[in-house]
Amino acid sequence: MATAEPVSPPAVRDVDIYADPTGALPAHRWKQAPKGLATRRQLREKRLRPGGQDPVAVIECRGGKRMAFLYEIAKAKPIRPMTLAKEVALDKAMAARQTCPKCTRRYYHCLPLRTLGSCLECADGTPAAPGSYQHPVSGQLAAAA
């Protein structure tokens with residue numbers, strides 16, 4: 001005689017009975033957000049980050065063409081401190097954007113590598129200002145110096 005498999009109870013969902021049935025966040029107009037809410041940039045100015053919390057509202061600007069999520073400041077967490085490993089990784093990424101592959105100079109600004117493929121001096125002969133770049137250094141990163 002075969003035994004029947006036990007039937008598992010139906011999946012239980014955690015439902016917020018007060019939530020908006022459409023799932024839309026409340027929208028506020030430009031400069032009319034309630035106190036205690038901030039965008040990511042405003043949190044960053046206060047040296048905070050959302051910290052995994054979901055947005056609680058939306059702020060609309062430019063006639064509803066642009067929007068930004070709003071987060072609760074009270075639930076925000078402090079930003080993580082910069083470590084040497086993060087600084088080295090950022091320096092490597094910026095070095096790739098600032099170093100000319102032809103003359104190997106590292107400039108203090110990002111180069112048009114997608115369009116020209118090199119610095120202006122290598123591309124069309126426009127002389128670079130002497131103070132706008134560092135002389136080539138043998139594999140040393142600015143963060144490690």
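The values are calculated or read from the model by the stated rules, or taken from the named source; none is laboratory data. Being a predicted model, the structure only gives us computed values, none of them experimental. Neighbour counts run over all protein chains shown; Cβ positions are idealised from the backbone, glycine included. Heads up: the accessible areas ignore ligands, DNA and RNA and are worked out on the full protein's heavy atoms, side chains in. Shrake-Rupley method; radii C 1.70, N 1.55, O 1.52, S 1.80 Å.
Within region 51-95, being part of a loop (DSSP other than H, G, I, E, B) and aromatic (F, W, Y) holds for no residue. Scanning region 118-145 for residues that are modelled with pLDDT under 85 and in contact with a helix residue (DSSP H, G or I) (Cβ under 9 Å, 6 or more places away or on another chain) yields L141, A142, A143, A144.
Filtered by the rule that a residue be loosely packed, with under 11 Cβ neighbours inside 10 Å, over 30 Å from A57 (Cα atoms) and not aliphatic (A, V, I, L, M), region 71-107 gives a lone residue, T83.
A Cβ distance below 7 Å, combined with a sequence gap of six or more or placement on separate chains, defines the contacts here; from region 107-121, residues that are free of Cβ contacts under 8 Å to residues at least 24 places away in the same chain reach residues that are open to solvent by less than 90 Å² (accessible area, probe 1.4 Å) and among the hydroxyl-bearing types (S, T, Y) in the pairs C119/Y107; L120/T126.
The condition of being more than 30 Å from R106 (Cβ to Cβ), of a type in the set (G, A, S) and surrounded by fewer than 12 Cβ atoms within 10 Å (Cβ to Cβ) holds for only one of G63, G36, G51, that being G63.
Step by step: first the residues of region 101-125, then only those that are of a type in the set (D, E, K, R) and either touching a Cys at 6+ places or on another chain (Cβ under 7 Å) or not in a loop (DSSP other than H, G, I, E, B) (or both), then the one that is nearest to L90 (Cα to Cα). Which residue is that?
My answer is R106.
Would you be able to say whether some residue in region 102-117 is touching a Phe, Trp or Tyr at 6+ places or on another chain (Cβ under 7 Å), modelled with pLDDT of 90 or more and among the hydrophobic types (A, V, I, L, M, F, W, C)? For region 102-117, residues touching a Phe, Trp or Tyr at 6+ places or on another chain (Cβ under 7 Å), modelled with pLDDT of 90 or more and among the hydrophobic types (A, V, I, L, M, F, W, C): absent. Do we find that A95 is in contact with a Lys or Arg (Cβ under 8 Å, 6 or more places away or on another chain) and of a type in the set (G, A, S) in this structure? Answer is yes for this residue.
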